[in-house]
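**Student:** The structure under discussion is supplied below as structure tokens; questions concerning it will follow.
Read-outs throughout are calculated quantities, based only on the coordinates presented, and are distinct from any laboratory measurement. What you see is a predicted model, and the numbers here were worked out from it, not measured in a lab. Glycine gets a Cβ as well: all are built from the backbone with ideal geometry, and neighbour counts include every protein chain shown.
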Ligand code: 13P
Ligand code: SF4
């Protein structure tokens, strides 16, 4: 039986203390464990602020994949969602990759089941496949190259103009890239639940009320929303934009976690979350990203669980398109 299971049983019976639960203690313990175990913490911009602050590297999907590729640490703790940790494991098969919660899925990755995609692909035998990184490892095994929202355009542009392409799984990003490159890529019909919920009518109303504000959006948003945006880009690109812009007020269409870095980088600026069609939900929160917590991070580092385990064959095949993207983006 593994030590962490024994520990939990002993704890339940009251034989050993509960793990420390105050935030400061947790931060101290996480930092101590990290040093002791030679671990690195990689956090995405969408997780809770305290999980961004404790990270060795905080970034967008591309930045974090690059950090995972460069690290000398023995353990990678991925505070984001499952496909990101999976990507880190594929790049580093000999390292231990752990994540605070195994249930951190992604609505976009889930919108493209591998068996259905394999069937779809057979209809387009002369097409190359570009897969957005928000996809399962199984989908990546069927791809020629992977991309993120930060490098999608340059990846697409790297193919000769007459090369037929499939773009999966995000139809909104695919549509956007088609519109700026003049391509007619075949798109898989997938989307992100968070980025699809913005209301064009409410955004227009908000822009009318805040005429001094600029509207910026992530390319996973639907076309009518993107048509209103002054700037469209990955989370890093949005962050750089608000930092460099002379504007003081922004309406932002992406997940709420990004506000933490925006406020840190520009304390004197105002950031307004873009409104959603449903006013009763916390729609700007990605429920998967928000499953991560300090306590889960602590437990994960302590017990080195849950761990990403992938069949060797998947690692081998999926690493080819991921490494192609990384070489491309150096
Ligand atoms: P970025 O690569 O821009 O960080 O986006 C990741 C993501 O999951 C968007 O929903
Ligand atoms: Fe996936 Fe959307 Fe969450 Fe990004 S915001 S991780 S695409 S569900």
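**Student:** Assuming R0 = 22 Å, what is the FRET efficiency of residue 115 and residue 316, from their Cβ-Cβ distance, to the nearest 0.05? Write down the numbers at each step before the final one.
**Tutor:** Working: r = 20 Å, r/R0 = 0.91.
Taking R0 as 22 Å, the efficiency between residue 115 and residue 316 is 0.65.
**Student:** Report the calculated FRET efficiency for residue 162 and residue 103 (r = Cβ-Cβ distance, R0 = 41 Å), to the nearest 0.05.
**Tutor:** Given R0 = 41 Å and the Cβ-Cβ separation, E is 0.40.
**Student:** Please tell me the relative contact order of the chain in percent, rounded to the nearest whole number, where contacts are Cα pairs under 8 Å and at least six residues apart.
**Tutor:** Details: 596 pairs, mean separation 70.5, N = 330.
The value is 21 percent.
**Student:** For a Förster distance of 30 Å, can you work out the FRET efficiency between the beta-carbons of residue 269 and residue 153, rounded to the nearest 0.05? All intermediate terms of the calculation are to be shown ahead of the outcome.
**Tutor:** Numbers: r = 27 Å, r/R0 = 0.90.
Computed FRET efficiency for residue 269 and residue 153: 0.65.
**Student:** Of the residues 199, 111, 245, which exhibits the maximal mean-square fluctuation in a Gaussian network model of the chain defined by a 10 Å Cα contact cut-off?
**Tutor:** The residue with the greatest mean-square fluctuation here is 245.
**Student:** Of the listed peptides 98-104, 69-75, what is their order by residue-averaged count of other C-beta atoms within 10 Å, with the highest listed first?
**Tutor:** Numbers: 98-104: 21.0, 69-75: 15.3.
Sorting 98-104, 69-75 by mean packing, highest first, produces 98-104, 69-75.
**Student:** Taking 7 Å along the Cα-to-C-beta vector as the label spot, tell me the residue 122-residue 179 distance in nanometres, rounded to one decimal.
**Tutor:** Simple spin-label model gives 3.5 nm for this pair.
**Student:** What is the distance, in nm, between label points placed 7 Å from the Cα along the Cα-to-Cβ direction at residue 328 and at residue 277?
**Tutor:** 3.2 nm
**Student:** Quick one: length gained pulling residue 246 to residue 32 fully straight, 0.36 nm per residue minus the C-alpha distance? Provide the component values of the computation, followed by the final result.
**Tutor:** On the way: separation 214, 0.36 × 214 = 77.04 nm, distance 4.09 nm.
Computed gain between residue 246 and residue 32 is 72.9 nm.
**Student:** Determine the relative contact order of region 128-240: mean sequence separation of Cα pairs under 8 Å and six or more apart, normalised by residue count, in whole percent.
**Tutor:** Once divided by the residue count of region 128-240, the mean separation gives 22 percent.
**Student:** Please give, to one decimal in nm, the separation of the simple spin-label points placed at residue 202 and residue 22, each 7 Å out from Cα toward the Cβ.
**Tutor:** According to this spin-label approximation, the distance is 3.9 nm.
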